[in-house]
Amino acid sequence: MSLKQHPDRLPCGSRFLDLSHPQVMGILNVTPDSFSDGGRFSRLDQALRHAAAMVAAGASLIDVGGESTRPGAREVSPIEELERVAPIVEAIAAELDVIISVDTSTPAVMREAARLGAGLINDVRSLQRDGALDAAAATGLPVCLMHMRGEPSTMQQDPYYTNLLDDVRDFLAERLVACEARGISRERVILDPGFGFAKTLKHNLSLFRHLESLHALGRPLLVGVSRKSMVGQVIGREVNERLYGSLALAALAVIKGASILRVHDVAETVDTVRMIAAVQAAE
Ligand code: YH5
């Protein structure tokens with residue numbers, strides 16, 4: 001039924017990502033506030049066990065992020081980010097059968113993570129930092145480009161668009177061209193509308209409703225809405241009570257053709273996605 005726009009297997013370093021059915025990416029935060037304070041080894045051990053649990057639950061990608069991009073979060077230095085991310089990328093690469101995605105905008109982190117075994121670069125700033133296009137190109141890895149306007153620290157201050165959908169589509173199309181100009185072919189690119197990034201609740205809901213229109217760009221789509229405030233605002237729940245709202249959006253994203261779901265609750269999302277994929281694959 002669906003028109004095939006891209007091949008089913010995306011090379012991600014030494015592994016392949018099967019895009020013939022929706023995949024789940026598990027979120028692994030390695031910011032210090034995301035762990036109990038038991039020192040360096042304990043933090044690494046906790047992160048590795050969390051990653052292992054997500055792989056056992058069916059995640060085919062683990063997204064490792066050392067910079068908090070939540071609205072208003074403080075910036076971290078490249079060295080601090082590298083010290084958080086590198087050990088965990090190395091440990092996951094050694095221990096787990098999974099594609100490691102690195103959630104970074106920092107060229108040095110892209111290069112080092114790739115060297116240590118990462119298979120995908122996930123940049124919420126769409127490779128706009130100085131040197132990021134060249135660093136990503138040099139890794140040979142696929143990249144996820146995400147729509148955002150401004151910087152995480154200020155992006156929620158009165159976001160305004162004349163036409164959000166056009167803005168998102170035009171921005172991603174422009175970043176695709178920028179990638180190709182620096183040697184990142186479009187076959188290596190995944191696109192993401194960037195839910196919660198410089199968008200009001202109305203923007204997020206409207207963008208989600210019209211997600212299909214982004215298939216015009218001809219690339220696989222990644223959707224990250226897990227536990228985000230758009231869920232909390234609709235159902236009126238705190239961050240740890242947003243599972244069912246998040247699953248509703250995961251289901252809808254798959255129905256609308258998303259290829260990858262970036263989530264906290266892997267086991268629950270995998271069941272949801274598998275059930276829908278089974279119906280969609282039926283005669
Ligand atoms: C994304 O959408 N998001 S980091 C606030 C929350 C919950 C979660 C208050 N990195 C994305 O996950 N990368 C982040 O509740 C991302 N797409 C891609 N590609 C923000 C986040 C979050 C923020």
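The values are calculated or read from the model by the stated rules, or taken from the named source; none is laboratory data. Predicted, not measured: the structure shown is a model, and the values here were computed from it. Every residue, glycine as well, gets a Cβ built from its backbone with ideal geometry; the counts of neighbours run over all protein chains shown. Quick note on the areas: whole protein, heavy atoms, side chains included, nothing else; ligands and nucleic acids left out. Shrake-Rupley method; radii C 1.70, N 1.55, O 1.52, S 1.80 Å.
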task = Kindly provide the set of residues from the stretch 88-144 that are touching a Leu at 6+ places or on another chain (Cβ under 9 Å) and at positive phi, ordered by number.
result = 126, 127
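Yes/no matrix, rows are residues, columns are (1) over 15 Å from residue 71 (Cα atoms); (2) in contact with a helix residue (DSSP H, G or I) (Cβ under 7 Å, 6 or more places away or on another chain); (3) modelled with pLDDT under 95:
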| residue | (1), (2), (3) |
| --- | --- |
| 156 | no, no, yes |
| 160 | yes, no, yes |
| 172 | yes, yes, no |
| 189 | yes, yes, no |
| 201 | no, yes, no |
Of all residues making up the stretch 48-64, the number that are part of a strand (DSSP E or B) and free of Cβ contacts under 8 Å to residues at least 24 places away in the same chain = 0
query = Looking at (1) more than 15 Å from the ligand (Cβ to nearest atom); (2) within 14 Å of the chain's Cα centre (by Cα), can you tell me which one residue 194 breaks?
reply = (1)
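How many residues are modelled with pLDDT of 95 or more, open to solvent by 40 Å² or more (accessible area, probe 1.4 Å) and either touching a helix residue (DSSP H, G or I) at 6+ places or on another chain (Cβ under 8 Å) or in a loop (DSSP other than H, G, I, E, B) (or both) if we restrict to the stretch 1-19?
Kept after step one, since they are modelled with pLDDT of 95 or more, are these residues of the stretch 1-19: 9-19.
Adding the requirement that they be open to solvent by 40 Å² or more (accessible area, probe 1.4 Å) leaves 9, 11, 13-16, 18.
Next, from what is left, pick out any that are either touching a helix residue (DSSP H, G or I) at 6+ places or on another chain (Cβ under 8 Å) or in a loop (DSSP other than H, G, I, E, B) (or both): 13-14.
Adding up the residues that qualify gives 2.
Within the group 198, 277, 258, 250, which residue is open to solvent by less than 50 Å² (accessible area, probe 1.4 Å) and in contact with a His (Cβ under 6 Å, 6 or more places away or on another chain)? So that I can check it myself, show each step before the final result.
Details: 198 fails: in contact with a His (Cβ under 6 Å, 6 or more places away or on another chain); 258 fails: in contact with a His (Cβ under 6 Å, 6 or more places away or on another chain); 250 fails: in contact with a His (Cβ under 6 Å, 6 or more places away or on another chain).
Every option except 277 fails the conditions.
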key: Unmet criterion (only one of (1) at pLDDT 95 or above; (2) of a type in the set (S, T, N, Q); (3) open to solvent by 70 Å² or more (accessible area, probe 1.4 Å)) for residue 229   = (3)
ask   = Scanning the stretch 11-53 for residues that are more than 15 Å from residue 264 (Cα to Cα) and of a type in the set (Gly, Ala, Ser), which turns out nearest to the ligand (Cβ to nearest atom)?
value = 13
task = Within the stretch 205-223, work out how many residues are open to solvent by less than 60 Å² (accessible area, probe 1.4 Å) and either among the charged types (D, E, K, R) or free of Cβ contacts under 8 Å to residues at least 60 places away in the same chain (or both).
result = 10
key: Residue among 19, 44 that alone is over 14 Å from the mean Cα position of the chain (by Cα) and farther than 19 Å from residue 260 by Cα   = 44
task = Could you list, in sequence order, all residues of the stretch 197-206 that are more than 13 Å from the ligand (Cβ to nearest atom) and of a type in the set (Lys, Arg)?
result = 202
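Mind listing just one residue for me: the one in the stretch 65-92 that is within 11 Å of the ligand (Cβ to nearest atom) and either without any contact (Cβ under 8 Å) to a residue 40 or more places away in the chain or under 16 Å from the mean Cα position of the chain (by Cα) (or both) and, of those, nearest to residue 29 (Cα to Cα)? Quick ask: steps written out before the conclusion?
Residues of the stretch 65-92 within 11 Å of the ligand (Cβ to nearest atom): 65, 67-73.
Of the ones still in play, those that are also either without any contact (Cβ under 8 Å) to a residue 40 or more places away in the chain or under 16 Å from the mean Cα position of the chain (by Cα) (or both) are 65, 67-70.
Values: 65: 5, 67: 8, 68: 8, 69: 11, 70: 12 Å.
Looking at residues that are within 11 Å of the ligand (Cβ to nearest atom) and either without any contact (Cβ under 8 Å) to a residue 40 or more places away in the chain or under 16 Å from the mean Cα position of the chain (by Cα) (or both), I get 65.
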